[in-house]
1. Calculate the spin-label point distance for Val99 paired with Leu128, positioning each point 7 Å from the Cα along the beta-carbon direction, and give it in nanometres.
2. Please find the FRET efficiency linking Glu121 to Glu20, where r is the Cβ-Cβ separation and R0 is fixed at 41 Å, and quote it to the nearest 0.05.
3. Within the set Lys5/Lys140; Lys7/Lys126; Lys36/Lys63; Lys5/Lys138; Lys7/Lys82; Lys63/Lys107, which residue pairs have Cα atoms separated by over 28 Å?
4. Cα centroid distance between segment 6-30 and segment 54-114, in Å?
5. What accessible area, in Å² to the nearest ten, does a 1.4 Å probe give for Thr71?
6. With an 8 Å Cα cut-off and a minimum separation of 6 or more residues, compute the relative contact order for the chain in percent.
7. From the backbone phi of segment 60-74, what are the Karplus-calculated ³J(HN,Hα) couplings (6.51 cos²θ - 1.76 cosθ + 1.60, θ = phi - 60°) in whole Hz, Gly and Pro given as x?
8. Probe of 1.4 angstrom, ligands and nucleic acids ignored: what's the accessible area per residue over segment 77-140, in square angstrom?
Amino acid sequence: MDTEKMKQDLGGGNVFDIGEPNTAFAQYFTGECYLKMLTTERVPIGNVSFAPSTINNWHIHHKGGQILLVTGGRGWYQEWGKPAQELHAGDVVNIPPEVKHWHGAAKDSWFQHLAIEVPAEGASNKWLEEVSDEEYGKLK
């Protein structure tokens, strides 16, 4: 890990510890990712840190959905069938339930967000296919 680049890219928003390598979900990420659960009571909130060029697979949150609060770096969010949106510190993404999407770092920057799982009875997450190299490669 290039700690200096990480600190430079994430800037002042990097107020939470990046945590440990996200080994539990590593199969759904293209590279280096870290997770620090800030709370698991009532509303699970995790600090997720992506190294440059690291993104997650397409996935769907059933029932509750998800909210992303971007705290540092530069990244991307894309819903199935729509253009990708560039993300920066201060951006908020409200992901409704049942929407196929992915998110992660830009090629040249660390990216960090707080992932808030919206509570709902029977909520679950389904991981799907990887984002194609061609699709990700088009992004600046």
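1. 1.3
2. Efficiency for this residue pair is about 0.85.
3. Listed pairs above 28 Å: Lys7/Lys126; Lys7/Lys82; Lys63/Lys107.
4. Distance between centres, Cα-based: 14 Å.
5. Roll a 1.4 Å probe over it and Thr71 shows about 30 Å².
6. On the way: 345 pairs, mean separation 40.7, N = 140.
Averaging sequence separation for qualifying contacts and normalising by length gives 29 percent for the chain.
7. Result, ordered by residue: 10, 9, 7, 6, x, x, 8, 10, 10, 10, 6, 10, x, x, 9 Hz.
8. 56
The values are calculated or read from the model by the stated rules, or taken from the named source; none is laboratory data. Note that the coordinates shown come from a computational prediction; the quantities given were computed from them, not determined experimentally. Reconstructed Cβ throughout: ideal geometry from the backbone, glycine too, with neighbour counts over all protein chains shown. These area figures cover heavy atoms from the full protein model, side chains too; ligands, DNA and RNA do not enter into them. Shrake-Rupley method; radii C 1.70, N 1.55, O 1.52, S 1.80 Å.
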